Amino acid sequence: MPVPMVDVARQYQDLKAEIDAAVGAVLESGRFILGPNMEALEEEVARYLGVGHAVAVGSGTDALHLGLRAAGIGPGDEVITTAFTFAGTAEAVAYTGARPVFVDIDPDTFNIDPAHIEAAIGPATRAVIAVHLFGQPAEAERIRALCDRHGLLLLEDCAQSFGASLGSRKTGAHGHLGCFSFYPGKNLGGAGDSGLVATGDGALAEKIRSLRHHGAEGTCRHGTIGYNSRMDEMQAAILRVKLPHIDRFNAARRRNAEGYHRRLSAGGVTLPIERIQGTHVYHQYTIRCPGRDRVRERLSVEGIATGVYYPLPLHRQPAFREACAALQLPATESAARTVLSLPMYPELTEEQLDGVCRQLREAL
Ligand SMILES: *Cc1c(COP(=O)(O)O)cnc(C)c1O
């Protein structure tokens, strides 16, 4: 029985009537950019996250980039982050002219290790980007306290953690800026690219609103050189249909993670470790697996898709490695060699979980 990594089309089938009606209404309206759906989604997401402001933008990478720009990060500045993440996290820093400074991760959670952040702070440090990797919140409360102590800005990269919480608050509500992606494969995904910045700071929100729309201030006045990075109405309309279902989707992911846990706890692989007081939303179910590449190949022959996030950490990527030649990140490098992500989406069935785990045991 073949099992894909994600099944985005399946979710459309579940919500087809509502999505078709919402998209049809956008087409009928003739309003496609900076329209009422985007504004409504901003309010709905701000309320869901419990933050004062939400600004919808063109992608998750843009959410990070415009957030950094709005906060005044630029050439000569350093931004501390993890190398065990998607390239967009560090690209956003590089776009501003600032330098990403990579520090090591906690080997249990794959998230940035606060102790390493503290050690990397220098005179040029201006900000920290904490990534809530695979849907498990990083230690945002501890990192926020550390940032406050050193006068640093905290951005949360919530591209993989929509709906996850830490303590009593959602991810995205702990930092100065919470940056989200609605890329189709994320937990809350559109039918194209878009993203959003959440913030409690009204002045930052206004700057991001201006930056996403060519630096516009009112009509026909451009205060700064901005960008074209707006969420279109089609994406906003689809996301508004899906938002009321996100807690149900995330609960189904958690149920599937428990299903994997039960079936795989007999040993042979290292299972994901939940270390936070809060809710992990399992964007990925990522194990550590001996002989990872061989196991992956065996599963692939049986039609079981798997993913490796991330096989080459950012400090070893051609795009970033020149500035990092002497940098050693042992926990990151070990994770890159051993991680294996299993199929994960809300609609996975018990039979599919059985099939994946049976094949995995045989491959081991
Ligand atoms: C997907 C992702 C991004 C980038 O989001 P896009 O919408 O694809 O630009 C950034 N950071 C992380 C951790 C991601 O998973």
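For the criterion of being part of a helix (DSSP H, G or I) and in contact with a helix residue (DSSP H, G or I) (Cβ under 7 Å, 6 or more places away or on another chain), GLU43 fails.
When region 316-361 is limited to residues that are among the polar types (S, T, N, Q) and exposed (fewer than 13 other Cβ atoms within 10 Å of the Cβ), the one that is nearest to PRO4 (Cα to Cα) turns out to be THR349.
Listed here are the helices (runs of 4 or more DSSP H) enclosed by region 51-122 that have at least 2 residues being within 13 Å of the ligand (Cβ to nearest atom): 60-70, 87-95.
Once region 12-47 is narrowed to residues that are under 29 Å from LEU153 (Cβ atoms) and in contact with an Asp or Glu (Cβ under 9 Å, 6 or more places away or on another chain), the residue that is farthest from the ligand (Cβ to nearest atom) is LEU34.
Checking each residue in region 147-177 for being closer than 18 Å to ARG212 by Cβ and away from the ligand (no atom under 12 Å from the Cβ) picks out GLY172, HIS176, LEU177. Taken over region 202-221, the residue count meeting the criterion of being at pLDDT 95 or above and more than 15 Å from GLU43 (Cα to Cα) is 11. A search for C-beta distances below 6 Å between a residue of region 316-333 that is small (Gly, Ala, Ser) and any residue that is assigned to a loop (DSSP other than H, G, I, E, B), counting only pairs 6+ apart in sequence or on different chains, returns ALA331/ASP104; ALA331/PRO107.
Scanning region 123-151 for residues that are within 12 Å of the chain's Cα centre (by Cα) and free of Cβ contacts under 8 Å to residues at least 40 places away in the same chain yields HIS132, ALA138.
Within region 299-342, track down each residue that is outside any loop (DSSP other than H, G, I, E, B) and of a type in the set (A, V, I, L, M).
LEU299, VAL301, ILE304, LEU314, ALA323, ALA331, ALA335, ALA336, VAL339, LEU340, LEU342
Yes or no: region 270-290 includes at least one residue that is surrounded by fewer than 20 Cβ atoms within 10 Å (Cβ to Cβ), out of contact with any His (no Cβ under 6 Å at 6 or more places or on another chain) and more than 24 Å from PRO137 (Cβ to Cβ). Yes: one or more hits. Candidates in region 265-307 are the residues that are among the acidic types (Asp, Glu) and over 19 Å from the mean Cα position of the chain (by Cα); of these, the one that is nearest to ALA335 (Cα to Cα) is ASP293. When region 187-206 is filtered for residues that are touching a helix residue (DSSP H, G or I) at 6+ places or on another chain (Cβ under 7 Å), surrounded by fewer than 24 Cβ atoms within 10 Å (Cβ to Cβ) and outside any loop (DSSP other than H, G, I, E, B), only LEU204 remains.
The values are calculated or read from the model by the stated rules, or taken from the named source; none is laboratory data. Since the model is a prediction, treat every value here as computed from it, not as a measurement. For neighbour counting, all protein chains shown are included, and Cβ atoms are generated from backbone atoms with ideal geometry for every residue, glycine included.
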